[in-house]
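Just below is one structure, and these are the notes that go with it.
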Amino acid sequence: MKLYGAHLSPYFGRCYLVMALKGQTDAVELGDIPGGMKSPAHMAANPTGKIPYLEKDDGTYLIESQVIAEYLDAILEGDALVPEDLDEATHALMICRIIDTYMAPAMERFWANRGYSDEEVKKAATESLPAAFDYLEHFITGGKYLSGDSWTIADAALIPWLFHMEKFAKQHGVDGFGDRPKLQEWYAHVSQTDIVKDSMVRAEKSLEQLLAFLQKK
């Protein structure tokens, strides 16, 4: 199998974190997009022109980070990140859905290359993102992990966004998770783990590579 994308992408990061949390980072080859984003090779594999995408052993492809993350969790050895218990599983997957539906679109407003207006960015910082944080605060378990008492796919979904909160959202007045005690408790714990520290390093290195590439253009 081969996972295509870059660590700066929080969606690619989610898939990689599934591998990391299961201790299986060597089980899947990582690759850059052949020819770059939206190249013929990229579009042939994934017509949406997005990352990540996974080339399976049979030569077929999977797209959409949550789908890939659940697939990797199912086939790789290691502790299951989608719990076997139905209630626990649906809770973890619900957190992923909240992140993707409410938080991610707001966070993407802070990406300069997307061309959003100042008003759209301001609304994301003052309305959309705080609302998304409120939804998460309401539903997460509370404690060291987002869902239950161990790592789940929900943690893998949120952790990659921590780099973007620090690097981009903070520039627009977003100060962490604000006055939300459950999210604060979660962050206080996970920020001290190698899982999060390594994720931040990978994203920073990926950003540096992107900036160096853009300077050459």
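FYI, it's all coordinate maths here, none of it is from the lab. Computed from a prediction, not measured in an experiment: that's the story for all the values here. Cβ placement follows ideal geometry from the backbone for every residue including glycine, while neighbour counts extend to all protein chains displayed.
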Could you grab me the full set of residues in the stretch 123-172 that are of a type in the set (S, T, N, Q) and in contact with a His (Cβ under 7 Å, 6 or more places away or on another chain)? S147
Would it be correct to say that Y61 is touching a strand residue (DSSP E or B) at 6+ places or on another chain (Cβ under 6 Å) and under 30 Å from M43 (Cβ atoms)? yes
Scope the stretch 115-146; condition among the charged types (D, E, K, R), more than 16 Å from G178 (Cβ to Cβ) and touching a helix residue (DSSP H, G or I) at 6+ places or on another chain (Cβ under 6 Å); matching residues: K144
Would it be correct to say that P47 is in contact (Cβ under 8 Å) with a residue 24 or more places away in the chain and not basic (K, R)? no
Could you list, in sequence order, the residues of the stretch 71-93 that are of a type outside the set (A, V, I, L, M, F, W, C), assigned to a helix (DSSP H, G or I) and free of Cβ contacts under 8 Å to residues at least 40 places away in the same chain? Y71, D87, T90
Can we say K197 is surrounded by fewer than 14 Cβ atoms within 10 Å (Cβ to Cβ) and under 20 Å from K22 (Cβ atoms)? yes
Restricting the stretch 1-40 to residues that are touching a residue at least 40 places away in the same chain (Cβ under 8 Å), part of a strand (DSSP E or B) and not charged (D, E, K, R), which is nearest to E108 (Cα to Cα)? Y4
Look at L54 and say whether it is without any contact (Cβ under 8 Å) to a residue 12 or more places away in the chain and assigned to a strand (DSSP E or B). no
